[in-house]
Amino acid sequence: MDLKRKLARLGGVGPGAKPAPAAPPVETPAPPVAVEAPPSGPDPRVVALRRMLGELAERQGAAAVARRGVPEAPRPGPLPAEPRTTSHGVVHVAEQWLDEDAHHGRAPLAEALDVEGALVAALALQPGLAGVDFQRMLFLDTETTGLAGGTGTVPFLVGLAWFEGRRLRVHQLFLRRMGEETPILRVLAERMAASSCLVTFNGKSFDWPLLRTRFILNRVPVPPELPHLDLLHCARRVFKYRGSGTRLVHLEQQVLDYHRVGDVDGSLIPELYFRFLRDGDGSSLTPVLEHNAKDLLLLAAMLGLLVRRFRASGAEGTDARDLLGFANVALRARDYARAQDFARAAAAGDTGVVGSEALALVSRLAKKGGDDRTAAEHLHRALVSARVDQRGPLHLSLAKLYEHGLKDLPQALHHARLAAPAETGEALRRRVDRLERKLSRLARTPTLDWSKPL
């Protein structure tokens, strides 16, 4: 049936359509009882349910952000760095000054100015640092778009700090957008030219090689390389007995007693920078600049504290584990008197595993000084508190000492038989056989009776 006929049947108007017949008259019924019309708009219960679900989603989203450690995006705000016109172009800078009595945790920042080049050189095992003027040192720490290194990693924040008088000046250079590195690199080069050395934490392996790459890629002359004190290596040697690793934040808490509140996790910093590049909200980078500034303060505080404790040679109040670490550093620096002081202090401060290792070091230094009897006494004391895995080396040291120094072959043989696993296999068998042969020859040698006339 075509459309015209359908319309005609339905009473529609169309070509050839007939008018619908008039309806017969109908008696008007009584008016119905009035019923209240339903309210217009959505049901209030539906509105309340939607609001409740929205609030729940917001709470769940906030909880997920908290679990990840990413700070919630603050209200849009300005970039926490101001543009400054330099001879190289506009550079965005955040700057603050710390007074001469400022502390980071328990360590005063200005104490870093009191370090002696000779002590720093010994502590870092870098003789070349002995002649450095640490009044003009430059602390450096970068925040980057990733940790992989290479040409794809960009340092978007170059944190610098140096002393002017006894006040610490923190000067952070911020990359507002990609492609604007050149002015930052030239300002950095100028600051390096006015400095005597770099002080970093893992800067020898990461920060400086990365910056050097950026100089080359941006065709900016690479500044002459400065003497470089990397506190990571010092920390590894001094604090290795703590067993908690050498992450900067752990050292900050355990050594300086400084606990950061609300600090952004370093692994999330690249994400925050890319968020800024996407939406231009500078306030999202405020925690990143604060994190970087605290790292710079930590460098100054840690340097001053390390040198002060190294200078003190085992003063009271220092953890026995750290004393043993300092003792080993002094030994490697061939400062035997300082090593002896640190080792004795560590042994006095601990009666366990650390004390046992400290006593073994005291013995080693006594033997180096030609006092074999004192060396043996300290090794016997070390055996009392040694772990099972420590006993083999101690017995081996005693075997050598009794054979070659004290000429007590029975004692030498006794300790040689207990020296495994410090010495195993053919070497241990040869040692035991040699001692047994020596004792056998002594047993066959006739003994003169001086009470009888010849």
Scanning the stretch 380-400 for residues that are among the polar types (S, T, N, Q) and under 22 Å from Arg431 (Cα atoms), which turns out surrounded by the fewest Cβ atoms within 10 Å (Cβ to Cβ)? Gln390
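Just to be sure before I move on: is Arg275 in contact with a Leu (Cβ under 8 Å, 6 or more places away or on another chain), under 29 Å from Met178 (Cβ atoms) and of a type in the set (Lys, Arg) in the structure I sent?
Working: in contact with a Leu (Cβ under 8 Å, 6 or more places away or on another chain): no; under 29 Å from Met178 (Cβ atoms): yes; of a type in the set (Lys, Arg): yes.
Answer is no for this residue.
Open to solvent by 40 Å² or more (accessible area, probe 1.4 Å), out of contact with any Lys or Arg (no Cβ under 8 Å at 6 or more places or on another chain) and modelled with pLDDT of 95 or more: does that describe Pro78? Talk me through it step by step, then tell me what you get.
Details: open to solvent by 40 Å² or more (accessible area, probe 1.4 Å): yes; out of contact with any Lys or Arg (no Cβ under 8 Å at 6 or more places or on another chain): yes; modelled with pLDDT of 95 or more: no.
Spelling it out, it is not the case that Pro78 is open to solvent by 40 Å² or more (accessible area, probe 1.4 Å), out of contact with any Lys or Arg (no Cβ under 8 Å at 6 or more places or on another chain) and modelled with pLDDT of 95 or more.
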With respect to the numbered conditions (1) touching a Gly at 6+ places or on another chain (Cβ under 9 Å); (2) modelled with pLDDT of 95 or more; (3) open to solvent by 50 Å² or more (accessible area, probe 1.4 Å), which one is the sole condition not fulfilled by Leu210? (3)
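Residue-wise test of (1) of a type in the set (Gly, Ala, Ser); (2) open to solvent by 70 Å² or more (accessible area, probe 1.4 Å); (3) at pLDDT below 95; (4) in contact with a Pro (Cβ under 9 Å, 6 or more places away or on another chain).
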residue	(1), (2), (3), (4)
Gln340	no, no, no, no
Thr351	no, yes, yes, no
Ala358	yes, no, no, no
Arg373	no, yes, no, no
Tyr402	no, no, no, yes
His414	no, yes, no, no
What is the one condition in (1) touching a helix residue (DSSP H, G or I) at 6+ places or on another chain (Cβ under 7 Å); (2) at pLDDT 95 or above; (3) crowded, with 18+ Cβ neighbours inside 10 Å that Gln135 does not satisfy? (3)
Kindly indicate whether any position in the stretch 420-431 is of a type in the set (A, V, I, L, M), within 30 Å of Pro127 (Cα to Cα) and either open to solvent by less than 70 Å² (accessible area, probe 1.4 Å) or not in a helix (DSSP H, G or I) (or both). no
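When you check His104 against the structure, is it in contact with a Pro (Cβ under 7 Å, 6 or more places away or on another chain), at pLDDT 95 or above, crowded, with 19+ Cβ neighbours inside 10 Å and not hydrophobic (A, V, I, L, M, F, W, C), yes or no?
Working: in contact with a Pro (Cβ under 7 Å, 6 or more places away or on another chain): no; at pLDDT 95 or above: yes; crowded, with 19+ Cβ neighbours inside 10 Å: yes; not hydrophobic (A, V, I, L, M, F, W, C): yes.
Criteria not met by His104.
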Would you be able to say whether some residue in the stretch 335-357 is out of contact with any helix residue (DSSP H, G or I) (no Cβ under 7 Å at 6 or more places or on another chain), acidic (Asp, Glu) and under 12 Å from Ser313 (Cα atoms)? yes
Six or more apart or on different chains, Cβ under 9 Å: which pairs go from a residue in the stretch 258-285 that's farther than 24 Å from Ala301 by Cα to one that's part of a helix (DSSP H, G or I) and open to solvent by 70 Å² or more (accessible area, probe 1.4 Å)? Could you list them? Leu268/Arg68
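Residues are listed down the side, and each one gets a yes or a no for (1) under 30 Å from Val199 (Cβ atoms); (2) surrounded by fewer than 19 Cβ atoms within 10 Å (Cβ to Cβ); (3) of a type in the set (Val, Ile, Thr); (4) in contact with a strand residue (DSSP E or B) (Cβ under 7 Å, 6 or more places away or on another chain):
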| residue | (1), (2), (3), (4) |
| --- | --- |
| Val307 | yes, no, yes, no |
| Val329 | yes, no, yes, no |
| Lys367 | no, no, no, no |
| His378 | no, no, no, no |
| Leu406 | no, yes, no, no |
| Gln411 | no, yes, no, no |
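I'm trying to understand the selection: among the residues of the stretch 86-130, which are touching a strand residue (DSSP E or B) at 6+ places or on another chain (Cβ under 8 Å) and in a helix (DSSP H, G or I)? Reasoning before the result, please.
Narrowing the stretch 86-130 to residues touching a strand residue (DSSP E or B) at 6+ places or on another chain (Cβ under 8 Å): 90-102, 109-110, 112-113, 120, 124, 126, 129.
Passing the criteria: Leu109, Ala110, Ala112, Leu113, Val120, Ala124, Leu129.
Tell me yes or no: at least one residue of the stretch 266-277 is farther than 19 Å from Leu147 by Cα and either modelled with pLDDT of 95 or more or in contact with a Phe, Trp or Tyr (Cβ under 8 Å, 6 or more places away or on another chain) (or both).
First, pick out the residues of the stretch 266-277 that are farther than 19 Å from Leu147 by Cα: none.
No - not one qualifying residue is present in the stretch 266-277.
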By my count, helices (runs of 4 or more DSSP H) wholly in the stretch 302-408 with at least 1 residues that are touching a Lys or Arg at 6+ places or on another chain (Cβ under 8 Å), touching a residue at least 12 places away in the same chain (Cβ under 8 Å) and closer than 20 Å to Cys234 by Cα are 320-332, 336-349, 353-368
Among the residues of the stretch 235-252, is there at least one that is polar (S, T, N, Q) and within 22 Å of Glu357 (Cβ to Cβ)? yes
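The values are calculated or read from the model by the stated rules, or taken from the named source; none is laboratory data. Small disclaimer: the values here were computed from a predicted structure and weren't measured. Please note: Cβ atoms are built from the backbone with ideal geometry, for glycine as well, and neighbour counts cover all protein chains shown. Only protein heavy atoms, including side chains, enter the accessible area calculation; ligands, DNA and RNA are left aside. Shrake-Rupley method; radii C 1.70, N 1.55, O 1.52, S 1.80 Å.
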